[in-house]
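Quick note: the coordinates plus some simple rules give every number you see, no bench work behind them. The structure displayed is predicted, hence computed values, not measured ones. Glycine also receives a Cβ, built like all others from the backbone with ideal geometry; neighbour counts cover every protein chain displayed.
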Amino acid sequence: MSAPNKSYDPVEVEALKPEEIERLRDEAIAAFAAATDLDALHEAKVAHTGDRSPLALANREIGALPPAAKADAGKRVGAARGAVNKALAERRVALEAERDARVLVEEAVDVTLPYDRAPRGGRHPLTTFAERLMDVFTAMGYSVAEGPEVEAEWLNFDALNMGPDHPARSTQDTFFLKDADSVVLRTHTSGVQIRSLLAAAEPPVYVICPGRVFRSDELDATHTPVFNQVELLAVDEGLTMADLKGTLDHMVASLFGEGISTRLRPNYFPFTEPSAEMDMVCFVCRGESVGNPDRPCRTCSSEGWIELGGCGMVNPRVLVACGIDPNKYSGFAFGFGIERMLMFRHNVEDMRDIVEGDVRFTLPFGMEI
Amino acid sequence: MRVPLSWLREYVDLPTGETGRDIQAKLIRAGLEVEGVEQLGADLKGPLVVGQVLAIEELTEFKKPIRYCQVDVGDANGTGEPQNIVCGARNFAVGDKVVVVLPGAVLPGPFPIAARATYGKTSEGMICSARELGMGDEHDGIIVLPPEYEPGTDAIELLELVDEVLDIAVTADRGYCLSLRGVAREMAIAYGLPLRDPALIDVPPANSYGPLVKVEDPAACDRFVARSVVGVDPAAKSPIWMQRRIQKAGMRPISLAVDITNYVMLEMGQPLHAYDRHRIDGAITVRRATAGEKLRTLDGVERTLDNEDLLICDNSGPIGIAGVMGGAGTEIADAVVDPETGEVNGTTEIVIEAAHFAPVSIARSARRHKLPSEAAKRFERGVDPEATKAAAQRAVDLLVLVAGGTAEAGVTDVVAPRPVHSISIAADLPDRVAGQEYGRETVVRRLQEVGCTVVGTDVLVVTPPTWRPDLTDPNDLCEEVIRLEGYENLPSTLPNVPAGRGLTDAQRLRRRIGVALASAGQVEVQNYPFIGEAVLDGLGIEAGDPRRVTVQLANPISHEEPSLRTTLLPGLLGALHRNVGRGSTDVALFELGRVFRVDGTAETLYRAPRLPVDRRPTEDEIAQLDAALPRQPYRVGAVFAGSRDPQGWWGKAQAWTWADAVEAARTVADAAGVELTVRQDQHTPWHPGRCAGLYVGEQLVGHAGELHPRAIKALNLPERTCAMELDLDLLTAGGAAKAEGPKISTFPVATQDVALIVDDAVKAADVESALRTGAGELLESLRLFDVYRGESVGEGKKSLAYALRFRAADRTLTADEASAARESAVAEAATRVGATLRG
Ligand SMILES: [Zn+2]
């Protein structure tokens, strides 16, 4: 470093000659442009803008100039350093962008790699189907009632107008408990209906009773000794068969879509009078397969209707057995098997698949149905 | 009930164009369950004609004897020449009339007929059996016709081969439809046409010189009609028309007398019985059996009678179970041909019984003796007591007409007085039940159509017809009106249901548990609740364990599994085994369901009172009903085998372990909003060192962990199978804690790690509990992040490393405050479990 020299003429300081400064500036800019990566740029930066770079040294020489020359030299050096720094910054941005782009390319992965790590779970469609039904009816104001699976015969049969000689009360249909008197595995959830009526001080009673029931059938493609039912009971003043029909229509439209309705056919059940068999319009062909051999329908066997289950007006004798005045109150009830509904709604061909607990059956049904 | 249309049309003049399908639709709407319409002879095509066998050549060179026949078929073959036919049957002789199908015809199948070479001859058609013509499934050779038909006569018409048959599933309340008479009545109403009632025939009045009958139990037999016919030709056979109707109705023609009783039963619904009069000893008596009495019934079975059985007897003892099945001893004898004289010997004098029995008595006897006969089926559902005389008359007429008999003048008719049962209903009751206005006039007309007599205006006094014993209550009458007006015409309305409260807490909890466990990778199953000793043995559950005290079934599906489950594990492990066997080796299953537990030996258990149904049971009686039932708590269980995280490009497989089983229990408890405490436990069938007892407070609610290797081996399960089972009722007994809205501190967290050395036997839960207590209020959370065993910590020791997070609600903690809390935590751990700070 030169010592201050008060009588120095600026033009005589080599490093501060205008042409020299321009050269240094251009050299630096060229070096930055020549740098192909950030490391090279860093080297060029140290060489051309560092403390020992010619421009830095030149800058220091300014102090030695006479005051008259200082401003002029300072301006020139400052402009050159400004241009150099600008070039450096621009080059850095460009190189960083290049580097970032390269890194992202290098970090690319095969996103199609399978990632089947998390174990897959699922809920049984019998459960979710029953829930779906409960939701339809709780939305209408019904409550969901439950009761024991081992049930007293009075609640499972007698109170439902199924007297001691009713054919269902035989070992061919009903599981009886060993060494027991009048206790069975419930053959329907109707006992829960009776319990609901007994529990209510006075109607109205609007309940839906889902649950497991038992009949002494062997397991085969269409039968199972243990199955799930949903039964409904409404007891109130002035209930009619038209109300029953409307409730059924609402249910099938909720489950199978607008425009699907039901029809009733006379039938016989001890616990309802009048009684009916209920069918719904086939939700697949909507009846268009009937008499149309070109468009057969597997779901309804081209009948146009699908059988759902039994229903009717609560037999006044049932109300009497529950201490409810049949002259003041009337009611309707229906019931059907969830397995059967699951089979035709989801095209399940074999009952055994529903009951055997094979995970391959259950998984596709997910969490809701 | 199978109903041939050709027969049905005898009673109602249906429009000729009406098909079986049309009638089916009409009857279904009226409430008859017409399950199908069978099209008889739909694909049948002639020529099918009567032939007479002219000559038979026996061909003996084949494995079975074959006949080469020349058969006269009249002009049916166009030439009038005999037809050459090969036939394998042997039940015919030269001169017999047979049914011949000629080339060009099509038999049911469809089975086209052509002349063809067989057994070295050319067969120009076939001699037909009943089966080949779709008439029945008899195997006994070809049809031999009565001699009166001319060769060449069209057999399709003769044998009434083309017809439609309705197949009706008759419900328990419509016994009258187990007859042509009943179905015809429904059809007449459905079409608005008059009915020709077959029971409206001339019947002579009862007199005192008919067969002797004594009824000792008039409550069980309120009507007994007996008639007799003499001079019956034992050789007489049922005419073809009668046989065909019986066949089409689904029964088998047997012999003339039996066919006639069956025919009349099908026609009128009244079961009849025919006795050989020579084999009855004295008066016919109706009485209850005395226990131990025996009877050989028509089917050849010797039956021991119950004192509830209603019997038909004579001086020799029982000769039939009333309304169910006759005895072999008084059966109509088979016709036997005397080989020397050619005379036919057999029954020539017949007594016809047409009686009315109490349905319950018949039902019980039929069930007791496992004899669901056609007669019992009808009596059980109710038979028209007023049709007895007409039915007996009809049988007598047929015996006279077809068998050349002579009706005796005696008519026995034992009648017990029957009260007339009338029902009073408001004339608008059907309207109120249906929710639709029919009006009094329609109501009265419909009731009259079904046969009721109706009087009154606002209140109708209705007397049902004798063939409708099912009409007992006002609502029964409403159903008649509503069904005939058409269920399909009911309006569709919705009741005003009061506002509901949605699902109960318990119901919502089960949903949350299902979703939580399924989201955690488990698959729900619903297993049968049936178990046997074998699986309890396999699990190693010992005698005296409450899970050994099972509810047992009297009539289980399998005698291997006669009990109801006391734990969910057998079903879950069975399903696990099935899945693994089918190749799903990495599997986690759960089930939500009831188990059945017997606690103690209360005398009330399994003893449910038989209560009346004409009133509400008292609260005490309801309590007795409940006391008869075992406890049926809800449980949740889960089982695990194989990998939870399979081997993949990310690394090695991670197995389902005891810890996942415990975690599943925590998942359930979280869903229930209950704090679960885990303690080391030993409980069958879990591994004694890998079994967690699950507690809510001091209440044990279940177990989780790895199964005992012995149980795994005994039940053939994958190694290291794990399981969890929780009693939901116990889990939620204390109710769920209501979540308190947490106060969120925004001051910075101070994190401190600590590694403690403790004896190997010390439980992590105890260390954690000590740390929490010691750390005090500033502790926000604590997490065990490492467990280390090795030389550096010493033999029989382990190092537990915890990350402690401290935070205050109102200030930034200083380093000193955090360190002080940490030291206090360590000090507490040192005091409680002898922990020392590592390194
Ligand atoms: Zn369809």
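In this label model, B:Glu58 and B:Arg116 are separated by 2.7 nm, measuring between points 7 Å along each Cα→Cβ vector.
Close amide H pairs (under 5 Å, H built 1.01 Å from N) link B:Asn345 with B:Val336, B:Val337, B:Asp338, residues at least 5 positions away or on another chain. Using only side-chain charges placed at the Cβ, +1 for Lys and Arg and -1 for Asp and Glu, the dipole size of the protein assembly as shown relative to its Cα centre rounds to 3000 debye.
In the elastic network of chain A, a GNM with C-alpha springs shorter than 10 Å, the most mobile of A:Asp173, A:Asp26, A:Asp350 is A:Asp26. For B:Arg90, the amide hydrogen comes within under 5 Å of the amide hydrogens of B:Ile142, counting only partners 5 or more places away or on other chains and with H modelled in the peptide plane. The Cα atoms of the range A:236-294 give a gyration tensor whose axes a ≥ b ≥ c have a/c of 1.5 or more with a/b no greater than b/c, which makes the shape oblate. Taking 4.7 Å between beta carbons as the limit, the unpaired Cys residues of chain A are A:Cys209, A:Cys311, A:Cys322. Annotation for B:Arg9 and B:Ala219: the two label points, set 7 Å from Cα along the Cα-Cβ direction, are 5.0 nm apart. Here the gap between B:Glu719 and B:Thr304, fully extended at 0.36 nm per residue and compared with their Cα-Cα distance, gives a gain of 143.7 nm. Shielding by partners for peptide A:152-161, expressed as the average number of C-beta atoms from other protein chains within 10 Å of each residue's C-beta, is 5. What you get for the range A:14-106, charging only the Cβ of Lys and Arg (+1) and of Asp and Glu (-1), is a dipole of about 420 debye around the Cα centre. Residue order for B:Ser781, A:Ser254, fewest other beta carbons within 10 angstrom first, comes to B:Ser781, A:Ser254. Once the Cα-Cα distance is subtracted from the 0.36 nm per residue extended length, the B:Asn489 to B:Thr773 segment shows a gain of 94.8 nm. Counting only other chain Cβ atoms within 10 Å of each residue's Cβ, the peptide B:547-560 averages 4. Projecting the Cα atoms of B:Tyr438, B:His278, B:Leu589 onto the charge dipole of the protein assembly as shown, computed from C-beta unit charges around the Cα centre, puts B:Leu589 farthest toward the positive end. Helix B:505-519 axis versus longest C-alpha principal axis of chain B: approximately 80°, rounded to the nearest ten. Once the Cβ-Cβ distance of B:Trp650 and B:Val749 is raised to the sixth power relative to R0 = 22 Å, the FRET efficiency obtained is 0.10. Within chain A, the longest run free of exposed loop sites, counting GluC sites (Glu not before Pro) that sit outside DSSP helix and strand states (H, G, I, E, B) and have at most 15 other Cβ atoms within 10 Å, spans A:108-217.
Principal-axis analysis of the Cα atoms of chain B puts helix B:20-29 at an angle of about 60° to the longest axis.
Summarise the partner chain shielding of B:589-595 as one whole number: the mean count of Cβ atoms from other chains within 10 Å of each residue's Cβ. Partner-chain Cβ atoms within 10 Å, mean over residues of B:589-595: 3. Each residue, B:Thr457 and A:Ala71, gets one label point 7 Å from its Cα in the Cβ direction; the gap between the two is 13.1 nm. Dipole of the protein assembly as shown (Lys/Arg Cβ +1, Asp/Glu Cβ -1, origin at the Cα centre): which of B:Val454, B:Trp467, B:Ala711 lies farthest to the positive side? Comparing the listed Cα positions along the dipole, B:Ala711 ranks first.
Taking Cα atoms only, the orientation of helix B:658-672 departs from the longest principal axis of chain B by about 80 degrees. Per-residue Karplus couplings for the range B:583-599, computed as 6.51 cos²θ - 1.76 cosθ + 1.60 with θ equal to phi - 60°, are listed in order as x, 8, 7, 9, 8, 9, 10, 9, 9, 10, x, 8, 10, 10, 10, 10, 10 Hz, Gly and Pro entered as x.
With the Cα gyration tensor of the protein assembly as shown giving a ≥ b ≥ c as the square roots of its eigenvalues, does the rule (a/c under 1.5 for rounded; else a/b larger than b/c for prolate; else oblate) give rounded, prolate or oblate? In terms of gyration-tensor shape, prolate.
Extension gain, B:Ala733 to B:Thr16, is 250.9 nm, computed as 0.36 nm per intervening residue step minus the present C-alpha separation.
Label the range A:14-106 by shape, choosing from rounded, prolate and oblate, from the square roots a ≥ b ≥ c of the eigenvalues of the Cα gyration tensor; if a/c is under 1.5 it is rounded, and otherwise prolate applies when a/b is larger than b/c, oblate when it is not. Prolate shape, in that a/c is at least 1.5 and a/b is the bigger ratio. Shown is the FRET efficiency for B:Arg131 and B:Ala506, computed with R0 = 41 Å from the Cβ-Cβ distance and rounded to the nearest 0.05: 0.10. Projecting the Cα atoms of B:Ser208, B:Ala516, B:Ala416 onto the dipole axis of chain B, where Lys and Arg carry +1 and Asp and Glu carry -1 at the beta carbon, places B:Ala516 farthest toward the positive end. For B:Ala426, nonlocal amide neighbours, meaning residues 5 or more places apart or on other chains whose placed amide H falls under 5 Å from its own, are B:Leu460. Within straight-line reach of B:Lys797, meaning a Cα separation under 25 Å, sit the following lysines at least 8 residues removed in sequence or on another chain: B:Lys763. Taking 22 Å as the straight-line reach from the Cα of B:Lys389, the lysines in range (excluding those fewer than 8 positions away in the same chain) are B:Lys214, B:Lys377. For the range A:62-69, backbone phi angles converted through the Karplus equation (6.51, -1.76, 1.60; θ = phi - 60°) give residue-by-residue couplings of 4, x, 7, 6, x, x, 4, 8 Hz, Gly and Pro being listed as x. Cβ crowding within 10 Å, taken as a proxy for footprinting-reagent exposure, orders B:Leu178, B:Leu298 from fewest neighbours to most as B:Leu298, B:Leu178.
If only the Cβ of Lys and Arg carry +1 and only the Cβ of Asp and Glu carry -1, the dipole of chain B around its Cα centre is close to 2580 debye. Shown in residue order for the range B:78-89 are the 3J(HN,Hα) couplings computed by the Karplus curve 6.51 cos²θ - 1.76 cosθ + 1.60 at θ = phi - 60°: x, 10, x, 6, x, 9, 8, 9, 8, 9, x, 7 Hz (x for Gly and Pro). Whole angstrom only: what separates the Cα centroid of the range B:152-170 from the Cα centroid of the range B:588-618? Here the answer is 55 Å between Cα centres. Say R0 is 22 Å: what FRET efficiency, to the nearest 0.05, do B:Asn555 and B:Arg610 get from their beta-carbon distance? Result of the calculation: an efficiency of 0.65.
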